[in-house]
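Student: Please see the structure below; I have some questions.
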Amino acid sequence: MRSSGIIVLFLALLLTAPHEEVIAQGQQGSGSPYSAYGFGNLVGATQVSQALMAGTGVALTDPFSVIRINPASYASMARPAFEAGIASHFLRFETPEATRRGRRMDILGFSIGIPFGNNRWGLALGMNPESTVGYDLSDVRPLLVGEGDVTFAYSGTGGLNRAFAGIGHTVWQKRDTLGNGSKLSFGANLNYLFGNIQESRRAFYPENQGYYNSAIVSTLILRDPGATAGVQFQGDIVKRKGLEDDGFRYLLGFSAELPSRLNARRSETIYSFIQGSGGIEFPVDTISYVEGAKGHVTLPVQLAMGLTLYNSRWTVTLEHRRRDWDRLAFEVEGVDISNQLGNAATYMIGGALRPAGMDRGNFWSSTIYRAGLRYTDDYLVVAGDQLREIGMSFGLSMPVMGISTRSRLSLGAELGDQGGTGVGAVNVRYATLLIGITVTPDIREQWFKKRRIE
């Protein structure tokens with residue numbers, strides 16, 4: 001059962017406990033305490049090159065990257081590409097009364113993109129995290145009857161993942177020899193959401209007071225397919241008049257993650273136990289047991305739209321995403337998270353600069369410099385207060401392997417703040433280091449293309 005009292009209790013703990021007693025987090029429990037709500041903290045862009053531009057992507061194309069948020073972009077890929085990334089999070093939990101730190105590392109998944117059909121088609125597949133749950137909180141309170149204190153411990157792990165396979169196609173294109181003209185592309189992804197959220201609540205009583213320790217351990221498993229559709233249109237603002245002229249272009253993008261109905265299974269065990277040496281639990285009695293109770297979770301539609309202005313050297317993109325989480329239907333016995341969710345809206349601006357343009361310059365002029373700014377009305381509502389998040393990102397994508405490939409190494413960071421505006425709200429300040437790798441074949445090799453026999 002998702003307990004809405006976890007965060008409220010944690011807020012009270014932060015406001016009343018001494019500095020050194022706040023939050024005892026293990027390495028895998030060092031995520032945000034807000035991950036105890038909803039489906040956990042949602043993961044933004046999972047390709048580092050996009051995360052460094054505030055997570056934008058719906059109105060972007062990249063010849064050497066998979067942009068999952070809008071599958072229409074697959075039609076603009078120029079070379080096969082494999083991508084993967086990791087994120088190292090450094091967190092600081094703050095209230096007016098106390099401060100504590102945590103850290104964790106997450107794998108951002110992988111993707112593979114393959115252009116074909118004279119570069120009018122693109123195929124992509126991959127897997128990435130969708131949400132993460134990782135908290136480990138404790139509270140010490142005096143016994144109501146008897147002497148000593150009772151320790152309440154709350155922990156949660158898991159999250160949701162997404163596997164996807166998609167295709168993009170250029171349905172109409174008109175270009176002259178200088179590259180001026182228009183292009184219309186469509187695309188679609190078949191998604192498969194899956195994962196589990198494991199939570200436990202334990203009460204540890206003092207010895208010789210006639211109490212047994214007690215625990216509630218629950219698991220929620222979600223899985224089922226879904227779909228994403230997208231469209232992109234590119235056109236000229238200022239046409240190129242010669243080979244040395246850069247021109248000026250725009251790109252409009254729109255994508256929709258369609259509503260999906262996930263199958264859900266929930267298990268829960270409530271029992272009493274005695275704790276032995278080394279923290280080993282010896283069960284005494286099972287109070288309640290639920291095994292595999294079935295239900296459904298219907299996710300609402302997510303809409304995203306964006307506008308990009310660009311030439312061969314620089315790019316500026318604006319993007320807005322919205323998902324009305326208050327329309328989520330959670331039909332799972334013993335679980336109710338409807339009061340934990342609100343309407344989410346994200347506003348992003350991202351930019352990129354490549355000094356060499358389309359030419360192959362030296363190392364630094366061929367490096368792509370990226371930055372972005374993001375503001376989010378979070379989907380989580382804590383004690384009636386909707387969370388807000390603001391973040392900025394910056395970094396660079398550096399060419400590797402000389403001039404023989406278009407492979408690159410992306411490095412950067414994201415700085416941000418997540419929290420509410422209510423009295424006693426916990427502010428989560430974070431710094432995230434991002435590392436991504438993109439591998440493309442040697443320019444002389446033709447992967448996934450049929451060889452001709454002469």
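Student: With (1) farther than 16 Å from Gly351 by Cβ; (2) touching a Ser or Thr at 6+ places or on another chain (Cβ under 7 Å) as the list, and Val58 as the residue in question, which single condition is left unmet?
Tutor: Only one criterion in (1) farther than 16 Å from Gly351 by Cβ; (2) touching a Ser or Thr at 6+ places or on another chain (Cβ under 7 Å) is unmet by Val58, namely (1).
Student: Checking Ala45 against (1) under 30 Å from Thr95 (Cα atoms); (2) at pLDDT 85 or above; (3) buried (at least 24 other Cβ atoms within 10 Å of the Cβ): exactly one of these is not met. Which one?
Tutor: For Ala45, the failing item is (2).
Student: So which of Leu328, Leu387, Leu373 ends up being under 18 Å from the mean Cα position of the chain (by Cα), at pLDDT below 95 and either closer than 19 Å to Leu307 by Cα or of a type in the set (A, V, I, L, M, F, W, C) (or both)?
Tutor: Numbers: Leu328 fails: under 18 Å from the mean Cα position of the chain (by Cα); Leu373 fails: at pLDDT below 95.
None of the other options fit; the residue is Leu387.
Student: Which of the following residues is touching a Ser or Thr at 6+ places or on another chain (Cβ under 8 Å) and either part of a strand (DSSP E or B) or surrounded by fewer than 24 Cβ atoms within 10 Å (Cβ to Cβ) (or both): Ala78, Ala124? Write out each step before concluding.
Tutor: On the way: Ala78 fails: touching a Ser or Thr at 6+ places or on another chain (Cβ under 8 Å).
None of the others qualify; the one that does is Ala124.
Student: Looking only at segment 211-228, how many residues end up being within 22 Å of the chain's Cα centre (by Cα) and polar (S, T, N, Q)? Quick ask: steps written out before the conclusion?
Tutor: Of segment 211-228, the ones within 22 Å of the chain's Cα centre (by Cα) are 219-228.
Restricting the remaining residues to those that are polar (S, T, N, Q) gives 219, 228.
Final tally of qualifying residues: 2.
Student: For segment 290-405, which fully contained strands (runs of 3 or more DSSP E) count at least 2 residues that are surrounded by 20 or more Cβ atoms within 10 Å (Cβ to Cβ)?
Tutor: Working: elements: 302-310, 314-324, 329-331, 343-353, 368-382, 385-399.
The qualifying strands (runs of 3 or more DSSP E) are 302-310, 314-324, 343-353, 368-382, 385-399.
Student: In segment 151-171, is there at least one residue being more than 30 Å from Pro33 (Cβ to Cβ), over 23 Å from the mean Cα position of the chain (by Cα) and free of Cβ contacts under 8 Å to residues at least 40 places away in the same chain?
Tutor: yes
Student: Any chance segment 94-116 includes a residue that's charged (D, E, K, R), without any contact (Cβ under 8 Å) to a residue 12 or more places away in the chain and open to solvent by 30 Å² or more (accessible area, probe 1.4 Å)? Walk me through how you get there before you give the answer.
Tutor: Within segment 94-116, the first condition is being charged (D, E, K, R), and the residues that meet it are 94, 97, 100-101, 103-104, 106.
Imposing the further condition that a residue be without any contact (Cβ under 8 Å) to a residue 12 or more places away in the chain reduces the set to 101.
Next cut, open to solvent by 30 Å² or more (accessible area, probe 1.4 Å) only: 101.
Yes.
Student: Which of the residues belonging to segment 272-287 are open to solvent by 30 Å² or more (accessible area, probe 1.4 Å) and without any contact (Cβ under 8 Å) to a residue 12 or more places away in the chain? Before the answer, list the steps.
Tutor: Looking only at segment 272-287, we keep the residues that are open to solvent by 30 Å² or more (accessible area, probe 1.4 Å), and these are 274-275, 277-287.
Selection gives Ser277, Gly278, Gly279, Ile280, Phe282.
Student: Restricting attention to segment 201-213, report how many residues are open to solvent by 40 Å² or more (accessible area, probe 1.4 Å) and either of a type in the set (Ser, Thr, Tyr) or under 23 Å from Thr286 (Cβ atoms) (or both).
Tutor: Taking segment 201-213 as the starting set, the residues that turn out to be open to solvent by 40 Å² or more (accessible area, probe 1.4 Å) are 201-202, 204-205, 207-212.
Add one more test, that the residue is either of a type in the set (Ser, Thr, Tyr) or under 23 Å from Thr286 (Cβ atoms) (or both), and what stays is 201-202, 204-205, 207, 209-212.
Number of matching residues: 9.
Student: Specify the residue that is farthest from the chain's Cα centre (by Cα); the eligible residues are those in segment 90-125 that are of a type in the set (Lys, Arg) and closer than 30 Å to Asn189 by Cβ. Can you show your working first?
Tutor: Keep residues of segment 90-125 that are of a type in the set (Lys, Arg), which gives 92, 100-101, 103-104, 120.
Going one step further and asking which of them are closer than 30 Å to Asn189 by Cβ, we end up with 104, 120.
Numbers: Arg104: 15, Arg120: 29 Å.
Per the stated criteria, the residue is Arg120.
Student: Restricting attention to segment 416-454, report how many residues are outside any loop (DSSP other than H, G, I, E, B) and either under 20 Å from the mean Cα position of the chain (by Cα) or modelled with pLDDT under 85 (or both). It would help to see each step written out before you state the result.
Tutor: If we filter segment 416-454 for residues that are outside any loop (DSSP other than H, G, I, E, B), which is where we start, we get 416-419, 427-439.
This time we only want the ones that are either under 20 Å from the mean Cα position of the chain (by Cα) or modelled with pLDDT under 85 (or both), so: 416-419, 427-438.
Within segment 416-454, residues that are outside any loop (DSSP other than H, G, I, E, B) and either under 20 Å from the mean Cα position of the chain (by Cα) or modelled with pLDDT under 85 (or both) number 16.
To keep it simple, each residue is scored yes or no on (1) under 30 Å from Ser312 (Cβ atoms); (2) part of a strand (DSSP E or B); (3) in contact with a helix residue (DSSP H, G or I) (Cβ under 6 Å, 6 or more places away or on another chain).
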| site | (1), (2), (3) |
| --- | --- |
| Ala188 | yes, yes, yes |
| Ile197 | no, yes, no |
| Tyr211 | no, no, no |
| Arg223 | no, yes, no |
| Asp245 | yes, no, no |
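Condition check ((1) open to solvent by less than 70 Å² (accessible area, probe 1.4 Å); (2) modelled with pLDDT of 90 or more; (3) part of a strand (DSSP E or B)) across all residues:
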| position | (1), (2), (3) |
| --- | --- |
| Gly146 | yes, no, no |
| Ala153 | yes, yes, yes |
| Gly166 | yes, yes, yes |
| Gln173 | no, yes, yes |
| Thr177 | no, no, no |
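Student: If you take the residues in segment 179-200 that are surrounded by fewer than 16 Cβ atoms within 10 Å (Cβ to Cβ) and more than 26 Å from the chain's Cα centre (by Cα), which one is nearest to Ser131 (Cα to Cα)?
Tutor: Across segment 179-200, the extreme among qualifying residues is Ser182.
Student: Only one of (1) in contact (Cβ under 8 Å) with a residue 60 or more places away in the chain; (2) within 26 Å of Thr438 (Cα to Cα); (3) in a strand (DSSP E or B); (4) under 23 Å from the mean Cα position of the chain (by Cα) is not met by Ala72, so which one is it?
Tutor: Among (1) in contact (Cβ under 8 Å) with a residue 60 or more places away in the chain; (2) within 26 Å of Thr438 (Cα to Cα); (3) in a strand (DSSP E or B); (4) under 23 Å from the mean Cα position of the chain (by Cα), the lone unmet condition for Ala72 is (3).
Student: Can you find a residue in segment 134-144 that is among the hydrophobic types (A, V, I, L, M, F, W, C) and at pLDDT 95 or above?
Tutor: Restricting attention to segment 134-144, the residues satisfying the condition of being among the hydrophobic types (A, V, I, L, M, F, W, C) are 137, 140, 143-144.
So of that shortlist, the ones also at pLDDT 95 or above come out as none.
Within segment 134-144, none of the residues are among the hydrophobic types (A, V, I, L, M, F, W, C) and at pLDDT 95 or above.
Student: Additional query: Looking at segment 229-271 only, could you name the residues that are open to solvent by 70 Å² or more (accessible area, probe 1.4 Å), among the aliphatic types (A, V, I, L, M) and over 30 Å from the mean Cα position of the chain (by Cα)?
Tutor: Answer for segment 229-271, where residues must be open to solvent by 70 Å² or more (accessible area, probe 1.4 Å), among the aliphatic types (A, V, I, L, M) and over 30 Å from the mean Cα position of the chain (by Cα): Ile237, Val238, Leu243.
The values are calculated or read from the model by the stated rules, or taken from the named source; none is laboratory data. These numbers were taken from a predicted model, which means no experiment stands behind them. Every residue, glycine among them, receives a Cβ derived from its backbone with ideal geometry; neighbour counts consider all protein chains shown. Please note that ligands, DNA and RNA were not included when accessible areas were found on the heavy atoms of the full protein model with its side chains. Shrake-Rupley method; radii C 1.70, N 1.55, O 1.52, S 1.80 Å.
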